[in-house]
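K.L.:
This is the structure I want to talk about, given as structure tokens.
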Amino acid sequence: MSGLHGVGTVADFELNRFRTASLDGKEIGVVRTRRGFFAVGSRCPHQGADLCAGLLTETTMAPSRPHEYVLSRDRLVLACPWHRWEFDLETGRAIGAITRKRMAVYPVEVVGDDVFVRLPGGDG
Amino acid sequence: MAATAAEPLAVAGTSGIPGSAERSLLVDADVHPLIRDTSVLAPRMSRRVARRIFGSHVGTFARDPNRIPHPSSGLRLDALPPSGGPAGCDPAFAREQWLDPYDVNAAVLIPVQSGVVIPWGDERASQEFISAFNDYLLDDWHGLDARYRVTISVTPHDPAAAIREVERLAGVDGVVAIFVPHASVSLGRRQWWPLYELAADRGLPIVVHPTGAESNLVDAPWVAGGLPRNYPERHSLLLHPGQSMLSSLVFSGVFDAVPSLKVVLSEYGFSWVPALTMRMDDAWEKGDRELAGIERAPSDYVRESVRFTTQPLDEPADRRDLWRLLELMDADRTLLFSSDYPHWDTDDPDVILRTRLPHHLRDRIAWQSAVDVFGPRLGL
């Protein structure tokens, strides 16, 4: 099943703390931040560690070329709890372009007090 | 919305399910226990030494400031035990998070925390701390779960005391190897040979492993060429002490003097082994009388007597590059799987064994070569 999936109410989400759900066969982590809600695939594309147990920062670096370190406070970055690969929370791109692999990201929609994650492939 | 059990995702190169790799057994040759507060060891020591170590102004964690810290943490962020304390301090939680889900049949505990004694000037304090440390791990880790097999530490300051410690514990169930916290003395030096003779006689491999003291603490080995400027640079160079130990051991002639000695160089990397052994072989051929005591080519001794561990696995873009290096180092007999749990760069056994290493080496690296070197002490 694809489309919109309810994942709770706004009050269910502690600031900057992931909650996980199994949606459409995928383990999804959803987090409320000061910049809004974000949803990611919880398994790191490197070795599969649980990204939702990682370090969410605001921020160390912006997405950039290898060996170009662009400091920024405009983006949220999620670091894997194992090898500290870092991903842009919004785009899923790896910081520093250390890998072409991306963290899976999904749109989140808030309707009233309800929070939904939109998975690809359906019109909801 | 409730948290759910992990389900497989279409993640390239991973199964997503711990323990799902096609293998029959798994020996993890590098797991790190940590004592949350080493003052719990005080009752196992003499009053003088306990006061010396844990007196009101000095604790074992009052070590020199780490000059090159990891930018976030040297430990896995998801391995903090619910009971509190740092990752690795709770053997029950480590069992729940690592041994059980990954079907680890034996976990070789390498207590690098004992390396805290390296800069100590008080040999007796060092020895008593080490003994208390060993007893604690045997009681609290192996005592909890027999899959935990303990690498007993010895003091790096006093070879005679190190021998007494091995004689005290060699017959104890759960003891699988001897960990020498590497201080600045080369391991091929003859002062260590009596320890090696005893180790070989009792069927105990010698294990060495970075302790965190490298390029950090007084009396520790240094990486070559000067002080690294940051953590990644130092981490990349931690192979230096491993290379030095390997050449020191081989060129000392100890493997001729103690043919059954086995040495495990853990977490120093391995992709450098073919290059160094080729160079050592060349030096041996041209060494003339300088190396008259070495009966065979260095690579022969390495193949026969030295083992390396997989973590941190080098991950070239084309994994066939790594496979070629594995062939050159006879990895079917010289390489042991290791995870480094719960450190920040833990390697997942299913990912490493199923997707990074060639299929025909899987069982050799996963457990068979570990059985060859540690023997029945693994309890398998």
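K.L.:
Could you identify the single residue in B:LEU41, B:LEU25 that is more than 23 Å from B:ASP135 (Cβ to Cβ), away from chain A (no Cβ under 11 Å), modelled with pLDDT of 85 or more and surrounded by 14 or more Cβ atoms within 10 Å (Cβ to Cβ)? Quick ask: steps written out before the conclusion?
P.N.:
Values: B:LEU41 fails: more than 23 Å from B:ASP135 (Cβ to Cβ).
Exactly one of B:LEU41, B:LEU25 is more than 23 Å from B:ASP135 (Cβ to Cβ), away from chain A (no Cβ under 11 Å), modelled with pLDDT of 85 or more and surrounded by 14 or more Cβ atoms within 10 Å (Cβ to Cβ), namely B:LEU25.
K.L.:
I've got another one for you. Would you mind listing the helices (runs of 4 or more DSSP H) fully within region B:230-298 where at least 2 residues are modelled with pLDDT of 95 or more? Step through it out loud before you land on a result.
P.N.:
Working: elements: B:231-237, B:239-252, B:254-257, B:273-286.
In region B:230-298, the matching helices (runs of 4 or more DSSP H) lie at B:239-252, B:254-257, B:273-286.
K.L.:
Can you find even one residue in region A:45-59 that is surrounded by fewer than 19 Cβ atoms within 10 Å (Cβ to Cβ), within 10 Å of another protein chain (Cβ to nearest Cβ), at positive phi and not in a loop (DSSP other than H, G, I, E, B)?
P.N.:
No.
K.L.:
Among the numbered criteria (1) out of contact with any Cys (no Cβ under 7 Å at 6 or more places or on another chain); (2) within 13 Å of another protein chain (Cβ to nearest Cβ); (3) modelled with pLDDT of 95 or more, which single criterion is violated by A:VAL110?
P.N.:
(2)
To keep it simple, each residue is scored yes or no on (1) buried (at least 22 other Cβ atoms within 10 Å of the Cβ); (2) over 14 Å from the mean Cα position of the chain (by Cα).
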{"position": "B:ILE110", "(1), (2)": "yes, no"}
{"position": "B:SER114", "(1), (2)": "yes, no"}
{"position": "B:ILE118", "(1), (2)": "yes, yes"}
{"position": "B:GLN127", "(1), (2)": "yes, yes"}
{"position": "B:ASP139", "(1), (2)": "no, yes"}
{"position": "B:LEU144", "(1), (2)": "no, yes"}
{"position": "B:THR151", "(1), (2)": "yes, no"}
{"position": "B:VAL154", "(1), (2)": "yes, no"}
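K.L.:
In region B:226-242, which residues are surrounded by fewer than 19 Cβ atoms within 10 Å (Cβ to Cβ) and in contact with a helix residue (DSSP H, G or I) (Cβ under 8 Å, 6 or more places away or on another chain)?
P.N.:
none
K.L.:
Sticking with this one: Which one of these is of a type in the set (A, V, I, L, M), at pLDDT 95 or above, more than 19 Å from B:TRP120 (Cβ to Cβ) and part of a helix (DSSP H, G or I): B:VAL166, B:VAL176, B:VAL172? I'd like the intermediate steps shown before the answer.
P.N.:
On the way: B:VAL176 fails: part of a helix (DSSP H, G or I); B:VAL172 fails: part of a helix (DSSP H, G or I).
When all the criteria are applied, what remains is B:VAL166.
K.L.:
How many residues are β-branched (Val, Ile, Thr), over 24 Å from B:GLY379 (Cα atoms) and part of a loop (DSSP other than H, G, I, E, B) when one looks only at region B:102-153?
P.N.:
1
K.L.:
While we're looking at this one, here's another question. Suppose we keep only residues that are within 28 Å of B:PRO232 (Cα to Cα) and within 13 Å of chain A (Cβ to nearest Cβ) within region B:82-108. Which one would you say is surrounded by the most Cβ atoms within 10 Å (Cβ to Cβ)?
P.N.:
Among those that are within 28 Å of B:PRO232 (Cα to Cα) and within 13 Å of chain A (Cβ to nearest Cβ), it is B:ALA87.
K.L.:
Please tell me if B:ASP78 is out of contact with any Ser or Thr (no Cβ under 7 Å at 6 or more places or on another chain) and either crowded, with 17+ Cβ neighbours inside 10 Å or at pLDDT below 90 (or both). Write out each step before concluding.
P.N.:
Working: out of contact with any Ser or Thr (no Cβ under 7 Å at 6 or more places or on another chain): yes; either crowded, with 17+ Cβ neighbours inside 10 Å or at pLDDT below 90 (or both): yes.
The answer is yes for B:ASP78.
K.L.:
Still on this model: Does B:ALA177 satisfy the condition of being within 11 Å of the chain's Cα centre (by Cα), over 22 Å from B:HIS235 (Cβ atoms) and buried (at least 24 other Cβ atoms within 10 Å of the Cβ)?
P.N.:
Numbers: within 11 Å of the chain's Cα centre (by Cα): yes; over 22 Å from B:HIS235 (Cβ atoms): yes; buried (at least 24 other Cβ atoms within 10 Å of the Cβ): yes.
When the stated conditions are applied, B:ALA177 passes them.
K.L.:
Taking region B:196-226 only, how many residues are free of Cβ contacts under 8 Å to residues at least 60 places away in the same chain and in a loop (DSSP other than H, G, I, E, B)?
P.N.:
8
K.L.:
Would you point out which residue out of A:VAL10, A:VAL31 is crowded, with 18+ Cβ neighbours inside 10 Å, β-branched (Val, Ile, Thr), at pLDDT 95 or above and closer than 26 Å to A:PHE116 by Cα? Break it down stepwise before answering.
P.N.:
Numbers: A:VAL10 fails: crowded, with 18+ Cβ neighbours inside 10 Å.
When all the criteria are applied, what remains is A:VAL31.
K.L.:
Let me ask something additional. So, in region B:303-331, how many residues would count as being among the charged types (D, E, K, R) and surrounded by 19 or more Cβ atoms within 10 Å (Cβ to Cβ)?
P.N.:
Taking region B:303-331 and keeping what is among the charged types (D, E, K, R), we get B:303-304, B:307, B:314-315, B:318-321, B:324, B:327, B:330.
From the residues that got through so far, the ones that are surrounded by 19 or more Cβ atoms within 10 Å (Cβ to Cβ) too are B:307.
Adding up the residues that qualify gives 1.
K.L.:
Right, here's the next one. Considering only residues that are surrounded by fewer than 17 Cβ atoms within 10 Å (Cβ to Cβ) and of a type in the set (Ser, Thr, Tyr), look in region A:80-119 and name the one that is nearest to A:PHE13 (Cα to Cα).
P.N.:
Taking the candidates together, the pick is A:THR91.
K.L.:
Just give me the residues in region B:93-115 being over 21 Å from B:LEU353 (Cβ atoms) and touching a residue at least 60 places away in the same chain (Cβ under 8 Å), in sequence order. Before the answer, list the steps.
P.N.:
Start the filter on region B:93-115 by keeping residues that are over 21 Å from B:LEU353 (Cβ atoms), which leaves B:93, B:96, B:111-115.
Listed by number, the residues that qualify are B:PRO111, B:VAL112, B:GLN113, B:SER114, B:GLY115.
K.L.:
Sticking with this structure for a sec: Sort out which residues of region A:1-23 are over 17 Å from A:GLU86 (Cβ atoms) and more than 10 Å from chain B (Cβ to nearest Cβ), and write them in order of number. Lay out the reasoning, then the answer.
P.N.:
Within region A:1-23, the first condition is being over 17 Å from A:GLU86 (Cβ atoms), and the residues that meet it are A:1-15, A:17, A:19-23.
Passing the criteria: A:MET1, A:SER2, A:GLY3, A:LEU4, A:VAL10, A:ALA11, A:GLU14, A:LEU15, A:ARG17.
K.L.:
Mind listing just one residue for me: the one in region A:60-77 that is buried (at least 17 other Cβ atoms within 10 Å of the Cβ) and more than 10 Å from the chain's Cα centre (by Cα) and, of those, modelled with the highest pLDDT? So that I can check it myself, show each step before the final result.
P.N.:
So the first thing to find is which residues in region A:60-77 are buried (at least 17 other Cβ atoms within 10 Å of the Cβ), and the list is A:60-63, A:75-77.
Then drop every residue that is not more than 10 Å from the chain's Cα centre (by Cα), which leaves A:60-63, A:75.
On the way: A:THR60: 62, A:MET61: 61, A:ALA62: 60, A:PRO63: 61, A:ARG75: 79.
Only one residue fits best here, namely A:ARG75.
K.L.:
Quick check on region B:248-273: of everything there that is surrounded by 18 or more Cβ atoms within 10 Å (Cβ to Cβ) and over 18 Å from the mean Cα position of the chain (by Cα), which residue is farthest from B:LEU322 (Cα to Cα)?
P.N.:
Applying the filter and picking the extreme gives B:VAL258.
K.L.:
Quick test for you: out of B:ASP348, B:ASP300, pick the one residue that is within 14 Å of chain A (Cβ to nearest Cβ) and either crowded, with 22+ Cβ neighbours inside 10 Å or over 29 Å from B:VAL112 (Cβ atoms) (or both). Explain how you work it out, then say what you get.
P.N.:
Working: B:ASP300 fails: within 14 Å of chain A (Cβ to nearest Cβ).
Answer to the selection: B:ASP348.
K.L.:
Would you call A:ARG32 under 12 Å from the mean Cα position of the chain (by Cα), more than 7 Å from chain B (Cβ to nearest Cβ) and assigned to a loop (DSSP other than H, G, I, E, B)?
P.N.:
Details: under 12 Å from the mean Cα position of the chain (by Cα): yes; more than 7 Å from chain B (Cβ to nearest Cβ): yes; assigned to a loop (DSSP other than H, G, I, E, B): no.
Spelling it out, it is not the case that A:ARG32 is under 12 Å from the mean Cα position of the chain (by Cα), more than 7 Å from chain B (Cβ to nearest Cβ) and assigned to a loop (DSSP other than H, G, I, E, B).
K.L.:
List the pairs whose first member sits in region A:3-22 and is within 12 Å of A:ALA39 (Cα to Cα), whose second member is crowded, with 17+ Cβ neighbours inside 10 Å and among the small types (Gly, Ala, Ser), and whose Cβ atoms are under 6 Å apart, counting only residues at least 6 apart or on separate chains?
P.N.:
Pairs that qualify, where the first residue is within 12 Å of A:ALA39 (Cα to Cα) and the partner is crowded, with 17+ Cβ neighbours inside 10 Å and among the small types (Gly, Ala, Ser), are A:VAL7/A:ALA21; A:PHE18/A:GLY29; A:THR20/A:GLY29; A:THR20/A:SER42.
K.L.:
Still on this model: Quickly run through region B:191-201 and pick out the residues that are surrounded by fewer than 18 Cβ atoms within 10 Å (Cβ to Cβ) and closer than 18 Å to B:GLY242 by Cα.
P.N.:
none
The values are calculated or read from the model by the stated rules, or taken from the named source; none is laboratory data. Here the structure is a predicted model, which means the values were calculated and not measured. Cβ: placed from backbone, ideal geometry, glycine included. Neighbour counts: every protein chain shown.
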